[in-house]
Amino acid sequence: MKLAPSILAADFSRLGVQVAEAERAGADRIHVDVMDGHFVPNLSMGAPIVASLRPVTRLPLETHMMISNPDLFLQEFADSGSDSFLVHWEGNVNLHRTVQAIRALGKRVGVAINPATPAAVLEEILPDVDQVLVMTVDPGFGHQHFLHSTLAKIRRVRQMIDRVKPGCDLEVDGGIDSETARLCVEAGANVLVAGSSVFGSNKSVSEAMSRLRAKGE
Ligand code: DX5
Ligand code: ZN
């Protein structure tokens, strides 16, 4: 099981320190949520944050593109130090082209699906990706409640991955705490994105991460 702390919940005045702490505590990658106020009803961060973090950590920086036209920004994020991109199926009429553009930049690529989107849409794109992201909340905000209705879909995506693309990561994002981590891992997820339960708890980042790991294993 891998952990991808999401910096959306971090204290931005201490971002470098918190990311370094997550790295020391054994984080596997750092999840960067990019929002444009259009694809999702919230604004977050752009490529300068990735550029600032690049010298601070050796961990892969995974960039979750919650924006209407990800193609326009791939190069800028890649130049800033992003190692992988998660792009949404929703609203992307040329998803295959976007996936190939990310590959051409030499980056890892994943496709994300929202809670109301069925697993079946992944079937044809799966051979071309390194990871799948099943959203366990509607994207746009941290601190939301985990949607239990997504568990059956996680199981279906796990079966599809085992059949079509063994080795592909199955990542979940939204409302992950020690309890929902366990449910997701049981359903077949192997990468957990966690924001508020890592950076927003009253425990230290490393304590919060060990709690997540203990329940998720
Ligand atoms: C939600 C983002 C998540 C968010 C998760 O739109 O994609 O990555 O940071 O935050 P928590 O873990 O607080 O639900
Ligand atoms: Zn995310």
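Observations
- Scanning region 181-197 for residues that are of a type outside the set (A, V, I, L, M), assigned to a helix (DSSP H, G or I) and open to solvent by 10 Å² or more (accessible area, probe 1.4 Å) returns Arg182, Glu186, Ser196, Ser197.
- Region 198-217, subset without any contact (Cβ under 8 Å) to a residue 40 or more places away in the chain and outside any loop (DSSP other than H, G, I, E, B), residue nearest to ligand 1 (Cβ to nearest atom): Ala208
- For region 148-156, the criterion of being open to solvent by 10 Å² or more (accessible area, probe 1.4 Å), closer than 14 Å to Ser6 by Cα and outside any loop (DSSP other than H, G, I, E, B) is satisfied by no residue at all.
The values are calculated or read from the model by the stated rules, or taken from the named source; none is laboratory data. Note that the structure is predicted; figures quoted are calculated from it, not measured. Cβ sites come from the backbone with ideal geometry, for glycine too, and all protein chains shown count toward neighbours. Ligands, DNA and RNA are excluded from the accessible area calculation, which covers all protein heavy atoms including side chains. Shrake-Rupley method; radii C 1.70, N 1.55, O 1.52, S 1.80 Å.
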